[in-house]
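Before any comments, here is the structure.
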Amino acid sequence: MRGAFLCLTSAACFGTLGVFGKLASDAGANIPSTLLMRFGLAAGAFWLMLRVTGGLPGLRALPRRVVLIGLGLGAAGYSLQSTFYFAAIDRVDVSLVSLLLYTYPAFVTVAALALGRATPSLRIGVALVVASAGLALVLLAAGTGAFDLAGALLALAASVTYTTYILISDRIIGAVDPFALATLVLTGATASFATVGIATGSLDFALPADAWLWLALMALVSTVIAVSAFFAGLRRVGPSEAAILSTFEPVVTVVLAFLVLGERLAPAQLAGGALVLGAVVMLQLPARRRRAAASRVAPALAEARTSGI
């Protein structure tokens, strides 16, 4: 029960990210400044945790190749995904972006099948059909009203980019302490946003107090607590159950967006979102046949949460 509670707590914390991001934007924070503060504060917290828990020697002992991959995942992959995500919520509702983003497990599964990392099965086929139907409902229902195509495409681009991030990180996950990997990814993302922000002159820290509050909550709640709780829960329940419990995240986002931002999804969109999340659960359920045990889809989806989203 404790492991499940920790995973649900993590999902709830991850689910606040888009809402805090929208509130920070409304208070005057631009995307480059928002992302630099989110990742910079979170990276600092993880370096501190490694020092306190004695994890620094383990990080220093990592092969240079692993360190460079971890930093690169943050500097290129995760920073690009986050940029797409925040650009999307700047154009369309946070709740809609959350549902579109959660198509990434289906994308990961398709890629894993193509790369030979997963074994085709009826369960996977049905799940992908259900996910596709859910995505179609979400988009078609959105298209009946004011619909920003660019915003929807940015959300899907964030999902595809996160898929790539997962597939690459899967090659080193398991051989690296998750806190060390999270620290490297967050540090790489911080360096990337700092470099681009300084080069383009887009950083602006002359912000009102409420903007700083949302930025701090984004770093602390949506990243540090979310990732730490997930690690703790993952150790107790395993990757498949942790990935299933993580589907609570978009539910939290939709509810918070309704309560805090006044966003409303059409009934068809909610039905489509339910189909997408149902497909995610189907993809994480352990297959009954022994041959499916070789699939890396569920562990990769769960353990890729090392740096949050």
The stretch 19-40 residues that are outside any helix (DSSP H, G or I), paired with ones that are of a type in the set (S, T, N, Q) and crowded, with 20+ Cβ neighbours inside 10 Å (beta carbon under 9 Å, 6 or more apart):
none
I need the helices (runs of 4 or more DSSP H) fully contained in the stretch 126-229, keeping only those with at least 2 residues that are farther than 22 Å from GLY18 by Cβ.
149-169, 178-200
Scan the stretch 64-73 and give yes if some residue there is among the aliphatic types (A, V, I, L, M), crowded, with 17+ Cβ neighbours inside 10 Å, in a helix (DSSP H, G or I) and touching an Asp or Glu at 6+ places or on another chain (Cβ under 9 Å), otherwise no.
no
Failed item in (1) modelled with pLDDT of 95 or more; (2) of a type outside the set (A, V, I, L, M); (3) open to solvent by less than 30 Å² (accessible area, probe 1.4 Å), with ASN30 passing the rest:
(3)
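What number of residues in the stretch 114-144 are more than 21 Å from LEU285 (Cα to Cα) and open to solvent by 30 Å² or more (accessible area, probe 1.4 Å)?
Within the stretch 114-144, the first condition is being more than 21 Å from LEU285 (Cα to Cα), and the residues that meet it are 136-144.
Subsequent filtering for residues that are open to solvent by 30 Å² or more (accessible area, probe 1.4 Å) retains 136-137, 139-140, 143-144.
The total comes to 6.
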Show the residue pairs that are 6+ apart or on different chains and have beta-carbon atoms under 7 Å apart, the first residue being within the stretch 106-118 and without any contact (Cβ under 8 Å) to a residue 12 or more places away in the chain, the second being surrounded by fewer than 17 Cβ atoms within 10 Å (Cβ to Cβ) and part of a loop (DSSP other than H, G, I, E, B).
LEU113/PRO120
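Could you pull out the residue among VAL276, VAL251 that is open to solvent by less than 60 Å² (accessible area, probe 1.4 Å) and either of a type in the set (A, V, I, L, M) or part of a loop (DSSP other than H, G, I, E, B) (or both)?
Values: VAL251 fails: open to solvent by less than 60 Å² (accessible area, probe 1.4 Å).
Unique residue meeting the criteria: VAL276.
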Mind listing whichever residues of the stretch 187-203 are at negative phi and loosely packed, with under 14 Cβ neighbours inside 10 Å?
THR195, ILE198, ALA199, THR200
State whether the residues of the stretch 288-309 include one that is at pLDDT 60 or above, aliphatic (A, V, I, L, M), farther than 24 Å from PHE39 by Cα and surrounded by fewer than 19 Cβ atoms within 10 Å (Cβ to Cβ).
no
For the stretch 33-48, which residues satisfy the criterion of being open to solvent by 10 Å² or more (accessible area, probe 1.4 Å) and either farther than 17 Å from PRO178 by Cα or more than 21 Å from the chain's Cα centre (by Cα) (or both)?
LEU36, MET37, GLY40, LEU41, LEU48
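Restricting to the stretch 80-97, what's the tally of residues that are among the hydroxyl-bearing types (Ser, Thr, Tyr) and open to solvent by less than 10 Å² (accessible area, probe 1.4 Å)? Step through it out loud before you land on a result.
From the stretch 80-97, those among the hydroxyl-bearing types (Ser, Thr, Tyr) are 82-83, 85, 95; that's our starting set.
This time we only want the ones that are open to solvent by less than 10 Å² (accessible area, probe 1.4 Å), so: 82, 95.
Summing the residues that are among the hydroxyl-bearing types (Ser, Thr, Tyr) and open to solvent by less than 10 Å² (accessible area, probe 1.4 Å) in the stretch 80-97 gives 2.
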Has the stretch 142-153 got any residue that is touching a helix residue (DSSP H, G or I) at 6+ places or on another chain (Cβ under 6 Å) and at pLDDT 85 or above?
yes
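The values are calculated or read from the model by the stated rules, or taken from the named source; none is laboratory data. Here the structure is a predicted model, which is why all the values come from computation and not from measurement. Backbone-built Cβ (ideal geometry, glycine too); neighbour counts: all protein chains shown. Side chains included, ligands, DNA and RNA excluded: accessible areas come from the protein's heavy atoms. Shrake-Rupley method; radii C 1.70, N 1.55, O 1.52, S 1.80 Å.
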